[in-house]
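Novice: Pasting a structure below so you can have a look.
Taken together, the values in this text are just the output of simple stated rules run on the coordinates, not laboratory data. These figures come from a predicted structure and were not determined experimentally. So basically every Cβ, Gly included, is an ideal-geometry build from the backbone, and we count neighbours across all protein chains shown.
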Amino acid sequence: MIVEIDPGGSSPPYEQLRTQIAALIRTGELGVGARLPSIRQLARDLGLASGTVARAYRELESAGYLRGKVGQGTVVRGIPEMSESERGERLEEAARAYATAVRELGVDIETALTAARHQLAG
């Protein structure tokens, strides 16, 4: 599992971690039953506090992505079902992040939309 945390990023480290792990599960890079590193190990690998990793894991568990059992570790449970409102919120969140990246790159809207269309056609 490869994740990267940007200490100067606009979202807190636990949110960056949560988002990246959820994306790895949704894309199938982390399949059902895949075992995640322990909280301590991942915290050490990423240079984060254990509480930061624990919070990301907790949020992923409550969202239905992960299952953790004491002594057995944390494993991928699957991709949770999403309500229409959750889907809309996630889409807005992704659009906001993309718009921020486009602005930071200084790219015009048409170029950005062309790139997005290309990726969506995929």
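Novice: If you look at just the Cα atoms of segment 27-95, how large are its Rg and its Dmax in Å?
Specialist: Radius of gyration, then largest Cα-Cα span, for segment 27-95: 13.5, 39 Å.
Novice: By how many degrees, 0 to 90 and rounded to 10, does the Cα axis of helix 13-26 deviate from the longest principal axis of the chain?
Specialist: That works out to roughly 90 degrees.
Novice: Tell me, what HN-Hα J-couplings in whole Hz come from the Karplus equation 6.51 cos²θ - 1.76 cosθ + 1.60 at θ = phi - 60° for each residue of segment 53-62, using x for Gly and Pro?
Specialist: 5, 4, 5, 4, 4, 4, 5, 5, 5, 5
Novice: Hey, what did segment 1-105 get for relative contact order, percent, Cα under 8 Å, at least 6 apart?
Specialist: Normalised by residue count, the contact order of segment 1-105 is 25 percent.
Novice: Lys/Arg Cβ at +1, Asp/Glu Cβ at -1, dipole of the chain taken about the Cα centre: which of Gly71, Leu17, Ala112 is farthest positive-ward?
Specialist: With unit charges placed on the Cβ atoms, the residue in question is Gly71.
Novice: Can I get the semi-axes of the chain's equivalent ellipsoid? Compute them from the C-alpha gyration tensor as square roots of 5 times the eigenvalues, in angstrom, largest first.
Specialist: Working: eigenvalues 163, 64, 31 Å².
That gives 29, 18, 12 Å for the three semi-axes.
Novice: Further, regarding this structure: Going by average Cβ density within 10 Å per residue, which order do the peptides 34-42, 12-20, 93-101 take, highest to lowest?
Specialist: Sorting 34-42, 12-20, 93-101 by mean packing, highest first, produces 12-20, 34-42, 93-101.
Novice: With r defined as the distance between the Cβ atoms of Glu92 and Glu4 and R0 fixed at 25 Å, what FRET efficiency is calculated, to the nearest 0.05? Don't skip to the end; give the middle numbers.
Specialist: Details: r = 24 Å, r/R0 = 0.95.
My answer for the efficiency is 0.55.
Novice: Enter the mean projected area of the convex hull around the alpha-carbon atoms of segment 75-122, in nm², rounded to one decimal. Each step should come with its number before you reach the end.
Specialist: Numbers: hull surface 19.9 nm².
Taking a quarter of the hull surface, the average projection is 5.0 nm².
Novice: To the nearest 20 debye, what charge dipole does segment 23-122 have about its Cα centre, counting +1 at the Cβ of each Lys and Arg and -1 at the Cβ of each Asp and Glu?
Specialist: So the dipole magnitude of segment 23-122 works out to roughly 620 debye.
Novice: Which order results if Thr27, Thr74, Thr114 are arranged by neighbouring Cβ count within 10 Å, fewest first?
Specialist: Thr27, Thr114, Thr74
Novice: Determine ³J(HN,Hα), in whole Hz, for all residues of segment 72-89 in sequence, where each value follows from phi through the Karplus function 6.51 cos²θ - 1.76 cosθ + 1.60 and θ = phi - 60°; x replaces Gly and Pro.
Specialist: 10, x, 10, 10, 6, 8, x, 9, x, 5, 10, 6, 4, 5, 5, 4, x, 4
Novice: Roughly how tilted is helix 109-121, in degrees to the nearest 10 and between 0 and 90, from the longest Cα axis of the chain?
Specialist: Roughly 50 degrees between the two axes.
Novice: To the nearest 0.05, what FRET efficiency results for Thr111 and Ser50 with a Förster distance of 35 Å applied to their C-beta separation?
Specialist: Using R0 = 35 Å, I get an efficiency of 0.25.
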